[in-house]
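So the structure is just underneath, and the comments pick up after that.
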Amino acid sequence: MKIAIGNDHSAVDLKQVITEYLNSLGHEVINFGPDTSESCHYPEYGKIVGQAVAAGKADCGILICGTGVGISIAANKVKGVRAAVCSDTATARLVKEHNNANIIAFGARIVGEELAKDIVKSYLDAEFMGGRHQVRIDMIHAIEEEQ
Ligand code: RB5
């Protein structure tokens, strides 16, 4: 898969760990940065990764900030993005199965490296279940259209 990744200054090291892990699984990673720990603004990276995923330039995205929250809120402002914060593997599986999340986010200050890798694997291995879940996703899209 082609996977877009972005972060903020709090998550440069974890981004590198996840990138190497994704490469080891055979995935192509598109890095939207940043790659230094100089203070930056997470909405920029949530936006650019969200836009890449929404435009089909990547199959899905991974966003990492301190908590995963701010950067996912930013990404969710991009039409077509369904970004979900995951701090455990069950949530990571369910956000694909039920919500067809096209981006997962987590916090470098919340999850350790091994859990982060397991979260990514749980998400990538899961499949969207469709059916009643698609109905609900269509309702979410309808909210976007109303704005
Ligand atoms: C940056 O200090 C921090 O606010 C950010 O990484 C993130 O946790 C925001 O949601």
| task | Run Q51 past the list (1) touching a helix residue (DSSP H, G or I) at 6+ places or on another chain (Cβ under 7 Å); (2) surrounded by 15 or more Cβ atoms within 10 Å (Cβ to Cβ); (3) more than 11 Å from A105 (Cα to Cα) and report the number of the one that doesn't hold. | result | (1)
| message | So, in segment 49-105, how many residues would count as being of a type outside the set (G, A, S), over 12 Å from the mean Cα position of the chain (by Cα) and within 13 Å of the ligand (Cβ to nearest atom)? | response | 1
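This table checks each residue for (1) under 29 Å from E145 (Cβ atoms); (2) of a type in the set (D, E, K, R); (3) touching a helix residue (DSSP H, G or I) at 6+ places or on another chain (Cβ under 7 Å).
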residue	(1), (2), (3)
I64	no, no, yes
A75	yes, no, yes
G80	yes, no, yes
A83	yes, no, yes
T91	yes, no, no
E97	yes, yes, no
A108	no, no, yes
E114	no, yes, no
K121	no, yes, no
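Since every read-out is calculated from the coordinates, none of them should be taken as a lab result. Since the model is a prediction, treat every value here as computed from it, not as a measurement. Note that we place each Cβ from the backbone using ideal geometry, even for glycine, and neighbour counts take in every protein chain shown.
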